[in-house]
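Student: Sharing a structure here in structure tokens format.
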Amino acid sequence: MEAITEKKNDLDIGISTNYDADKWLEIFSLFVHDLESPLASMKYILKLINDGKYDNEKQMHRQLASSAQIAMHRAETIIYDILAVARSGKMGLPVNITKLKPGPVIENVINLAQGAAAENGIEIRVRDIHNEEMVLADPDLLQRTLDNFIYNALRHTPSNGEVIVFTSMEKKSITIHVKDSGSGLGDIEPNVLFEKFGQVDLRAKGKHRGVGLGLYFCKLAATGMGGTVLADDHPDGGAVFSIKLQKAGGE
Ligand SMILES: Nc1ncnc2c1ncn2[C@@H]1O[C@H](COP(=O)(O)OP(=O)(O)O)[C@@H](O)[C@H]1O
Ligand SMILES: [Mg+2]
């Protein structure tokens, strides 16, 4: 792919003073939060190995091993990003917009999630991906946004359920959707979910207890890429979380 990397303004999260411990804490929390999903993938394969169940002859196991390797990469990228923010001394998330096809990013994110999906007995499927058009996005921020959607979907979907990733195309934009077969949003106002510490699922217990930073990150990331995030119930049941991105080279 042609390297058309355009450095955009970093995502300013609204700092009033030079030294603002709360803002630093927020930026670092956003990064550390996103280490959870790659760690889950690595944890799953290590458990298989430690339990003596890993079988290289099984295609599914080989796929999980490759998923753990992608996860490792993702975790490294997040750590480098944290260090880059610290080194730059600038309080913001770095945003590097480029033109990309959504397909490979989606494939990568799904591979990463295979460990967590297998652990929860959930199938992740891809349907109708518009891959002929390029969108304007930061690949790293887009991956982390989709990771958050998928990881949430896995948490809110019962075993034997499914998570479907698909795209829709509008005149000037492409929207990537993550639909699950869970309980849906119920009476939660979708916009509240994208607020910092917005709506945290009180039903979730133990390891599923959240802090409410993931979707806030998704909103910041989408805004930084000139896009938007949306959440809704699907008419067939379950929730759909979406990110709308501008087509590259659109009028
Ligand atoms: N797929 C989903 N189905 C239903 N509710 C969801 C889904 N994804 C997120 N939510 C709701 O949004 C809240 C906030 O999610 P998120 O910002 O990702 O929190 P966290 O930082 O804990 O990951 C969750 O606690 C839950 O109430
Ligand atoms: Mg989350």
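Student: Taking only pairs six or more apart or across chains, which ones have beta-carbon atoms under 7 Å, a first residue in region 51-79 that is without any contact (Cβ under 8 Å) to a residue 24 or more places away in the chain, and a second residue that is exposed (fewer than 13 other Cβ atoms within 10 Å of the Cβ) and assigned to a loop (DSSP other than H, G, I, E, B)?
Tutor: Qualifying pairs under 7 Å: 61/55; 62/56.
Student: Criterion first (modelled with pLDDT of 90 or more, among the aliphatic types (A, V, I, L, M) and surrounded by 15 or more Cβ atoms within 10 Å (Cβ to Cβ)) does residue 78 satisfy it?
Tutor: Considered against the rule, which asks whether it is modelled with pLDDT of 90 or more, among the aliphatic types (A, V, I, L, M) and surrounded by 15 or more Cβ atoms within 10 Å (Cβ to Cβ), residue 78 comes out as no.
Student: Anything in region 174-199 that is under 19 Å from the mean Cα position of the chain (by Cα) and either in a strand (DSSP E or B) or of a type in the set (S, T, N, Q) (or both)? List them, or say none.
Tutor: Matches in region 174-199: 174, 175, 176, 177, 178, 179, 180, 181, 191, 199.
Student: A further question on this structure: Identify, from the list 96, 148, the residue that is crowded, with 17+ Cβ neighbours inside 10 Å, of a type in the set (S, T, N, Q) and closer than 25 Å to residue 213 by Cα.
Tutor: Of the residues listed, the single one that is crowded, with 17+ Cβ neighbours inside 10 Å, of a type in the set (S, T, N, Q) and closer than 25 Å to residue 213 by Cα is 148.
Student: May I pose another question? Out of (1) at pLDDT 95 or above; (2) on the phi > 0 side of the Ramachandran plot; (3) within 14 Å of ligand 2 (Cβ to nearest atom), the odd one out for residue 238 is which?
Tutor: (3) is the only condition that residue 238 fails.
Student: Next question, about the same structure. Return only the number of the condition from (1) under 20 Å from residue 220 (Cβ atoms); (2) open to solvent by 70 Å² or more (accessible area, probe 1.4 Å) that residue 57 does not satisfy.
Tutor: Checking residue 57 against (1) under 20 Å from residue 220 (Cβ atoms); (2) open to solvent by 70 Å² or more (accessible area, probe 1.4 Å), the one that fails is (1).
Student: Follow-up. If the requirement is being open to solvent by less than 80 Å² (accessible area, probe 1.4 Å), at pLDDT below 80 and near ligand 1 (Cβ under 8 Å from one of its atoms), which of these qualifies: 214, 210?
Tutor: The conditions single out 210.
Student: Mind listing whichever residues of region 36-60 are part of a helix (DSSP H, G or I) and of a type in the set (Ser, Thr, Tyr)?
Tutor: 37, 41, 44
The values are calculated or read from the model by the stated rules, or taken from the named source; none is laboratory data. All values reported here derive from a predicted model rather than from experimental measurement. Glycine also receives a Cβ, built like all others from the backbone with ideal geometry; neighbour counts cover every protein chain displayed. Keep in mind that these areas ignore ligands, DNA and RNA; they rest on the heavy atoms of the full protein, side chains included. Shrake-Rupley method; radii C 1.70, N 1.55, O 1.52, S 1.80 Å.
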